[in-house]
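The values are calculated or read from the model by the stated rules, or taken from the named source; none is laboratory data. Every value quoted in this text rests on a predicted model; they were computed, and no experiment measured them. Glycine also receives a Cβ, built like all others from the backbone with ideal geometry; neighbour counts cover every protein chain displayed.
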Amino acid sequence: MNKKKKPLYYYYFIIMIVLILLNSFFSGFLYHSRQQEVSYNEFQTALKDKKIDEVQIENETITYTLKNDEKKLRYYTGNMQDPSLTEQLTEAKAKFQRIYPQEINPFFSTLITFLLPLLFLWGLGNFMFKRIQKKLGNDGMTFGTGGGLGSFGKANAQVYVEAQSGKRFSDVAGQDEAKEALLEMVDFLKNPKKYEKIGAQMPKGALLVGPPGTGKTLLAKAVAGEAGVPFFSISGSEFVEMFVGRGAARVRDLFKQAREKAPCIVFIDEIDTIGKKRDGGGFSGNDEREQTLNQLLAEMDGFDGSKGVVLLAATNRPESLDAALLRPGRFDRRIPVELPDLKGREAILRVHAKDVKIGTNIDFNAIARATAGASGAELANIVNEAALLAVKDDRSVVSQSDFDEAVETVIAGYQRKGAVISTKEKLIVSYHEIGHALVAAKLKNTAPVHKITIIPRTSGALGYTMQVEEQESNLMSKDEAFERIVTYCGGRAAEELIFHSITSGASNDIEQATKIARAMITRLGMSDEFGMVALETLNNQYLGQDTSLMCSSDTAAKVDNAMMRLIKEAHEKAYTILQENKDKLHELAKYLYEQETITGEEFMKVLNTEA
Ligand code: ADP
Ligand code: MG
Ligand code: ZN
């Protein structure tokens, strides 16, 4: 299967050659080429001298041999036939014969005009079919129907196992709790006897839940790598495919093979695609999916955990899973794989930095602090971006500044070096950003300013102010939440104060401020008016912040009012702070305008020097 495919035109070429050869053969090209052509005169002379032995007359040619000579001679008569030819030939005592154009052998003509193209199309179809199948297959395991078009629609999915995942627990940084929970499974896979003796039942399945990119797939692979057992991996989306009934067949096949290969691990990635809650109603939109889920449930009940088949699944939408999947005896163990904390982020950066050449004195802690909320996948991406930057500059090792730039690239997009910004706009952006920074610096419960820049980014940001917490905090007080909104208002407030006009540059600030204000009132119980009442629920714990209201429309209107009041208050506070520090605002904005990028220390130095 893995032999290199010859390109399509290669087959075209061969077929063309064959056709040309056949064609020339039947049209007599080869046959005629062994004859010598002569003129009419020569034939006439030979006829008169009675030297001619045998003659064959065809439509347009006359072929003859001379007496005592094997060589065939031929001349074209065109369409004119000499009416007296027969007479002359009889007189010359030559043997002669009239030949009618030869029909091509009917067998061959059928072959060429009918069977050959058919054969070619069949081959082409087969080829494309295999290609499509290859595309559908995931990296972990490949399902193939083997026979191409021949077994089209048959549900005999084959399962290929990834022999060794090659990943170990040491490749997974942070996530210590998850690793500990999985270690037990590794031990069980290594010596199932130990558990059997005591009569302990291993949980049949564990469900890894957490936001995208936190290392769920990686953990599952590491379990297989640690235990040294076959790893059957399939993504939920692969079950739901084009042929009805195939999903269930695949589940059946998967478990059949797993039982044969035990001890082993069966990993179902993105299980929410098949494991979604089934509808209660009679008219179901996706019968196929339900059938697959039912098959999965049946298989899970059918196998006996002591055989050494461990089931792992991963999802980032646990709340949408069917309850039947989560009940005891099925995926009853839930292993949270959360976003990494400060220590975890540092560890993940170090794991990935092992693969690249880094300079000395890289402060991984600083990078980890600047990337609060980043997932493992994003951190891996940051390390790679940093390495790419080093290559771009023709350096042999990755430096701290590469990492700093990579963080910004991942957060805000690439620098738009060629972007043309008018001086007026550049000035507005300078004041806007200093507005944020100054307000943040004058408030007590905000994170220190780390960097301010007015170099535009591909994300569309014309500049931004980066704040980095000194320490990671898991709780947010009401003051902190409010002062965050005040800081967001600082940009717009500076524009108003200095230019007496406002721009669209604050759109992202407005969105963020509104989000926090809304959460404070509806979910965090931080408003005097509503207190500890949940007015909204998060629909999805791990994906985005999509919420739904849980209150009457009357209350919803009141929530909107409270939100507007809160933001108005924050905006007034920001405006007052800037008004009181107008001189510094001018001084810092001018400084930023000239420098384009300034660090937090530079900012504080200018702020704290007496004019
Ligand atoms: P998920 O399945 O949770 O969405 P993955 O396991 O596919 O995430 O992670 C994607 C990539 O991110 C991994 O291949 C790895 O390079 C990196 N990664 C994520 N989490 C970690 C971690 N805890 N330690 C090391 N690398 C990680
Ligand atoms: Mg994954
Ligand atoms: Zn702003």
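Observations
- Positions within segment 312-327 being touching a Lys or Arg at 6+ places or on another chain (Cβ under 6 Å) and crowded, with 21+ Cβ neighbours inside 10 Å, in sequence order: A314
- Taking the criterion of being in a helix (DSSP H, G or I) and touching a strand residue (DSSP E or B) at 6+ places or on another chain (Cβ under 9 Å), the residues of segment 320-348 that qualify are S320, L325, L326.
- Residue match in segment 180-189 (condition: out of contact with any His (no Cβ under 9 Å at 6 or more places or on another chain), more than 14 Å from ligand 1 (Cβ to nearest atom) and under 30 Å from R289 (Cα atoms)): yes
- Subset of segment 498-514 [within 14 Å of ligand 3 (Cβ to nearest atom) and either buried (at least 17 other Cβ atoms within 10 Å of the Cβ) or in contact (Cβ under 8 Å) with a residue 60 or more places away in the chain (or both)]: T503, G505, A506, D509, A513
- Pairs where the first residue, in segment 353-371, is surrounded by fewer than 19 Cβ atoms within 10 Å (Cβ to Cβ) and the second is modelled with pLDDT of 90 or more and in a loop (DSSP other than H, G, I, E, B), C-beta under 7 Å, 6+ apart: K357/S396; K357/V397; G359/V397; G359/S399
- Residue list for segment 433-491, restricted to those being without any contact (Cβ under 8 Å) to a residue 60 or more places away in the chain and among the basic types (K, R): K444, R457, K478, R484
- Residues that are within 30 Å of S422 (Cα to Cα) number at least 3 in the following strands (runs of 3 or more DSSP E) confined to segment 525-601: 597-599.
- The conditions of being of a type in the set (D, E, K, R) and touching a strand residue (DSSP E or B) at 6+ places or on another chain (Cβ under 9 Å) are not met by K424.
- You will find that of A562, A517, A570, the residue that is in contact with a Leu (Cβ under 6 Å, 6 or more places away or on another chain) and touching a residue at least 12 places away in the same chain (Cβ under 8 Å) is A517 and no other.
- Any hit, segment 500-521, residues being hydrophobic (A, V, I, L, M, F, W, C) and not in a helix (DSSP H, G or I): yes
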